[in-house]
Every structure is written in structure tokens, then in C-alpha cells.
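The values are calculated or read from the model by the stated rules, or taken from the named source; none is laboratory data. Given the structure is predicted, the values throughout are model-derived calculations rather than measurements. Positions of Cβ are backbone-derived with ideal geometry, glycine not excepted, and every protein chain shown enters the neighbour counts.
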Amino acid sequence: GDSVTQMEGPVTLSEEAFLTINCTYTATGYPSLFWYVQYPGEGLQLLLKATKADDKGSNKGFEATYRKETTSFHLEKGSVQVSDSAVYFCALDRNLGAQKLVFGQGTRLTINP
Amino acid sequence: DTAVSQTPKYLVTQMGNDKSIKCEQNLGHDTMYWYKQDSKKFLKIMFSYNNKELIINETVPNRFSPKSPDKAHLNLHINSLELGDSAVYFCASSQADRGYGYTFGSGTRLTVV
């Protein structure tokens, strides 16, 4: 079945460090790919998305590129801030059959000043 | 204006009780969902409705019964609550155009004691 695998957390970085959170997927067809962020005590917010191979999604300094050859959608940011501390979820919608998001297990990110 | 609103935000109840969670979206989306987030932050779909019609029912105990009176509302009723039902429940909605993304509510934290 469809699945999403993220790097294990928690991840702890210092402010201004470079961030990568790995995400790989298994899916039938050509899925759309998403990153969602959950700040402490809040719901899920869409961070960025990509709908086809080689698309790059970007928002708030975060980027991810849809790589079909490696079935990956890694999240990157060049210089993280304390306010980026949150749980990040990679997800896919396989664009076949009933609409639904399949999530990775989430990666908790903590940024220290 | 809140796009997807859930009530209540917190719900503490005893085992064996019956409770409901309400969800409303004002985005004009035609599909709505319930997701469950467990204590390890893992998110899994429970149900989806498209224009009041049940589309997805993912091996959820039949103590859980969704109801969609119209396409802007999707409520979740839970009978005979068990300790293992304690979780955060998220409502979400999406449009028919795939790849657009899903909008989530802020969640309902259910604690069964």
C-alpha cells in the first residue's frame, strides 16, 4: 500500500543551522506530495506542496523538490529560527481513487537559541 | 473567519460514555475527513465524506459513527468510549481538484478516564 517514511526524530539544531528532514514515499501512480507543520498545541498547517515530478514547493524559507527517480521529497531550510520548532509531517495523496492523505510518522524539530 | 472549525477543543469524559465532536467548514469544499492522531503523533485517516456520501471508512470500530447533514458539516459520534480512544481528532476538508491541499481544523483533544 501507499506509505511515507520520514527520518526519525527528534531533531535538535542551533539557530541559523541548515535543516534537512528526509522523506521518501511508496505509492501507485503519480502522487501529490505535501509538507505539513504542527506547532505546539495547534492543528496542522500546509507548509508546501508539489504535484508533479521536479516541482519545487517553497514557503517561509522552506523548500522541497519532488524527485520521482528517488521517490523523495526532502524538506530543507538554509537558516532555521527558534520559531521553526514544531512537528513536521510529510504526506502524499496518490491521485487515484478516493482522496486521502497518507502521512509519515512526523519529525519533531527543536531549535535552540 | 475560521476555515475549518471543530468543537469542542477539549473533551474529558468517563469510559462508557457517548460523545460527539462537531466540524464545520466554510471553504465550499466538497470532501471532509476525520483523522486520528495518537500519543506518538501518528496521523491516520478514519473517514471521508464527499457531498454527504461516505467514501472512506478505514477499519474503524463501529462505535465511531460519522454523520454529514450537508457538505459543510461532518460530525463524529463515539459510543461506549474506551481508554484507547484518547487521542486528538482532526477534521479536514479539501476540494475535488487534487493537489490543492487539505485544510485542517485545530483538533479536539479527547481524554477518556
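Those residues that are at pLDDT 95 or above, part of a loop (DSSP other than H, G, I, E, B) and among the acidic types (Asp, Glu), I need them from the stretch B:4-49; list them, please.
Scanning the stretch B:4-49 gives a single hit, B:Asp18.
Return a yes/no flag: does the stretch A:14-28 have any residue that is in contact with a Gly (Cβ under 7 Å, 6 or more places away or on another chain) and among the polar types (S, T, N, Q). Talk me through it step by step, then tell me what you get.
First pass over the stretch A:14-28, keeping only residues in contact with a Gly (Cβ under 7 Å, 6 or more places away or on another chain): A:18, A:23.
Filter once more, keeping what is among the polar types (S, T, N, Q): none.
No - not one qualifying residue is present in the stretch A:14-28.
Whether any residue in the stretch A:23-35 is within 13 Å of the chain's Cα centre (by Cα), surrounded by fewer than 19 Cβ atoms within 10 Å (Cβ to Cβ) and over 22 Å from B:Tyr89 (Cβ atoms) is what I want to check.
We begin by selecting, within the stretch A:23-35, every residue within 13 Å of the chain's Cα centre (by Cα); these are A:23-25, A:32-35.
Restricting the remaining residues to those that are surrounded by fewer than 19 Cβ atoms within 10 Å (Cβ to Cβ) gives A:24.
So of that shortlist, the ones also over 22 Å from B:Tyr89 (Cβ atoms) come out as A:24.
Yes, there is a match, as at least one residue in the stretch A:23-35 is within 13 Å of the chain's Cα centre (by Cα), surrounded by fewer than 19 Cβ atoms within 10 Å (Cβ to Cβ) and over 22 Å from B:Tyr89 (Cβ atoms).
Could you list all residues from the stretch A:3-29 that are among the polar types (S, T, N, Q) and under 15 Å from A:Leu75 (Cβ atoms)? Can you show your working first?
Within the stretch A:3-29, the subset among the polar types (S, T, N, Q) is A:3, A:5-6, A:12, A:14, A:20, A:22, A:24, A:26, A:28.
Across the stretch A:3-29, the qualifying residues are A:Thr5, A:Gln6, A:Thr20, A:Asn22, A:Thr24.
Can you name the residue in the stretch A:36-68 that is basic (Lys, Arg) and surrounded by fewer than 20 Cβ atoms within 10 Å (Cβ to Cβ) and is also modelled with the lowest pLDDT among such residues?
Kept after step one, since they are basic (Lys, Arg), are these residues of the stretch A:36-68: A:49, A:52, A:56, A:60, A:67-68.
If we keep only those that are surrounded by fewer than 20 Cβ atoms within 10 Å (Cβ to Cβ) as well, we get A:52, A:56, A:60, A:67-68.
Working: A:Lys52: 90, A:Lys56: 97, A:Lys60: 95, A:Arg67: 96, A:Lys68: 94.
Only one residue tops the list, namely A:Lys52.
Which of the following residues is more than 11 Å from chain A (Cβ to nearest Cβ) and among the small types (Gly, Ala, Ser): B:Ser20, B:Ser5?
On the way: B:Ser5 fails: more than 11 Å from chain A (Cβ to nearest Cβ).
Within the list B:Ser20, B:Ser5, the selection yields B:Ser20.
Looking only at the stretch B:64-113, count how many residues are of a type outside the set (Phe, Trp, Tyr), assigned to a strand (DSSP E or B), in contact with an Asp or Glu (Cβ under 9 Å, 6 or more places away or on another chain) and at pLDDT below 95.
3
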